[in-house]
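Just below is one structure, and these are the notes that go with it.
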Amino acid sequence: MSAEPIAGTTDRRIASLLALFANNPMIVISGARIAREIGVSRSTVWRWVERLRSLEVKVKGHPRSGYVIEKVPDLLLPNLLRPRPRGNEFGKHIHHFFKTDSTNRVAMELGFAGEPQGTLVVAEEQSAGRGRAGRTWHSERASGIYASFLLRPKLSPADAPLITLLAGLSAREAVRQQTGCLADLRWPNDLLLNGKKLGGILTEMHAEPGRIHFAVVGIGLNVNQTRFPEKLASAATSLRMETSRMHSRLELLLRLIQQFEGDYDRFSARGAASILSEFAAASSFAEGKRVRITDGSESFIGTTAGLEPNGLLRVRRDDRSVYVVVSGDLAEVP
Ligand code: BTN
């Protein structure tokens with residue numbers, strides 16, 4: 001975690017408590033030992049154990065006899081990430097929240113506060129997760145991955161769409177490595193499995209003309225949800241719903257950190273060409289798909305016709321004119 005905790009961040013000592021349990025699965029640890037090792041009172045240990053239980057962490061026992069953890073919990077705590085992220089920058093500074101409004105909001109705040117590139121904000125739950133176009137992102141507790149990376153790219157704001165495409169490719173690859181599921185990418189930011197939304201990317205930035213001061217790439221992945229609220233039910237899915245088994249969010253987050261750092265470094269060194277070609281290969285929406293575009297007040301049907309050099313999408317209307325979509329929504333036309 002970063003040296004400077006911010007409001008609402010998980011108390012490092014709770015994280016240490018969990019790490020102590022995780023390192024001693026099935027072993028009874030006395031309340032006194034825990035209190036000594038973590039540096040808090042025994043009553044605080046008791047309170048924190050109750051807190052962990054409310055997060056479905058299975059801790060048996062009580063202050064007198066000691067506590068035992070039955071299963072290493074799948075929480076996204078930095079000191080449970082093993083092996084530690086190997087890269088240079090990403091995941092070195094992790095701010096963990098049991099609950100926050102939006103990891104993107106927090107990461108923007110950290111951007112203004114001067115935190116370095118690669119800083120990561122993760123939450124078990126978001127109360128106001130942000131989606132594109134002012135929508136909300138359903139962020140059920142301890143079921144999905146809600147993660148925001150702070151970047152300081154040497155790019156013009158006009159090239160920012162490339163970052164969203166890159167993050168989509170990284171998330172798709174992390175999911176593939178962990179589960180074998182190969183998601184489709186719907187320009188610019190959706191990961192789809194069997195036509196339903198598995199994840200989304202939201203890039204926000206602080207910029208001036210010609211220069212990005214910093215960007216925040218928020219990644220939401222539906223991992224272990226078993227259902228969604230009614231209004232999302234027909235459009236959303238999770239890895240668990242697609243594969244009929246649970247998946248480790250912690251392992252998936254580790255893969256995501258490593259994949260995104262590697263992809264971002266390659267992009268910084270080599271430029272946009274590889275992102276554009278990889279996205280074109282990974283996305284059934286990049287070229288030749290009949291879609292309805294809704295872009296602000298515009299709505300029309302056309303056929304996708306590849307990407308612009310900065311990652312925007314070309315769509316050929318039926319009168320053959322080409323429209324470049326800046327920030328619209330795409331829906332496949334059957
Ligand atoms: C979308 O598909 O509309 C984008 C969804 C992005 C959701 C993620 S969850 C982590 C990060 N924090 C947020 O508030 N939003 C993004």
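The values are calculated or read from the model by the stated rules, or taken from the named source; none is laboratory data. Predicted, not measured: the structure shown is a model, and the values here were computed from it. Cβ placement follows ideal geometry from the backbone for every residue including glycine, while neighbour counts extend to all protein chains displayed.
When the residues of the range 135-160 are filtered to those that are in a loop (DSSP other than H, G, I, E, B) and within 8 Å of the ligand (Cβ to nearest atom), the one that is surrounded by the fewest Cβ atoms within 10 Å (Cβ to Cβ) is Arg135. The one condition from (1) more than 21 Å from Leu166 (Cβ to Cβ); (2) surrounded by fewer than 19 Cβ atoms within 10 Å (Cβ to Cβ); (3) polar (S, T, N, Q) that Asn310 does not meet is (1).
For the range 68-95, the set of residues classified as modelled with pLDDT under 85 and aliphatic (A, V, I, L, M) consists of Val72, Leu80, Leu81, listed by residue number.
Of everything in the range 185-199, what is among the charged types (D, E, K, R) and either under 13 Å from Ala171 (Cα atoms) or within 12 Å of the ligand (Cβ to nearest atom) (or both)? Give them in sequence order. Answer for the range 185-199, where residues must be among the charged types (D, E, K, R) and either under 13 Å from Ala171 (Cα atoms) or within 12 Å of the ligand (Cβ to nearest atom) (or both): Arg186, Asp190, Lys197.
If only one of Val45, Val122, Val57 is closer than 25 Å to Trp137 by Cα, out of contact with any Lys or Arg (no Cβ under 8 Å at 6 or more places or on another chain) and at pLDDT 85 or above, which one is it?
Within the list Val45, Val122, Val57, the selection yields Val122.
If you check Leu202 against the conditions, is it on the phi < 0 side of the Ramachandran plot, in contact (Cβ under 8 Å) with a residue 60 or more places away in the chain, under 16 Å from the mean Cα position of the chain (by Cα) and within 15 Å of the ligand (Cβ to nearest atom)? Considered against the rule, which asks whether it is on the phi < 0 side of the Ramachandran plot, in contact (Cβ under 8 Å) with a residue 60 or more places away in the chain, under 16 Å from the mean Cα position of the chain (by Cα) and within 15 Å of the ligand (Cβ to nearest atom), Leu202 comes out as yes.
Residue-by-condition table, conditions (1) in contact with an Asp or Glu (Cβ under 8 Å, 6 or more places away or on another chain); (2) assigned to a helix (DSSP H, G or I); (3) more than 9 Å from the ligand (Cβ to nearest atom); (4) farther than 19 Å from Ile257 by Cβ:
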position: Lys92; (1), (2), (3), (4): no, no, yes, no
position: His95; (1), (2), (3), (4): no, no, yes, no
position: Met108; (1), (2), (3), (4): yes, yes, yes, yes
position: Ala133; (1), (2), (3), (4): yes, yes, no, yes
position: Leu162; (1), (2), (3), (4): no, yes, yes, yes
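Within the range 97-106, the set of residues being assigned to a helix (DSSP H, G or I) and either more than 9 Å from the ligand (Cβ to nearest atom) or touching a His at 6+ places or on another chain (Cβ under 9 Å) (or both) comprises Thr103, Val106.
Of the candidates Ala35, Ala7, Ala22, the single residue that is in a helix (DSSP H, G or I) and either touching a residue at least 60 places away in the same chain (Cβ under 8 Å) or within 28 Å of the chain's Cα centre (by Cα) (or both) is Ala22.
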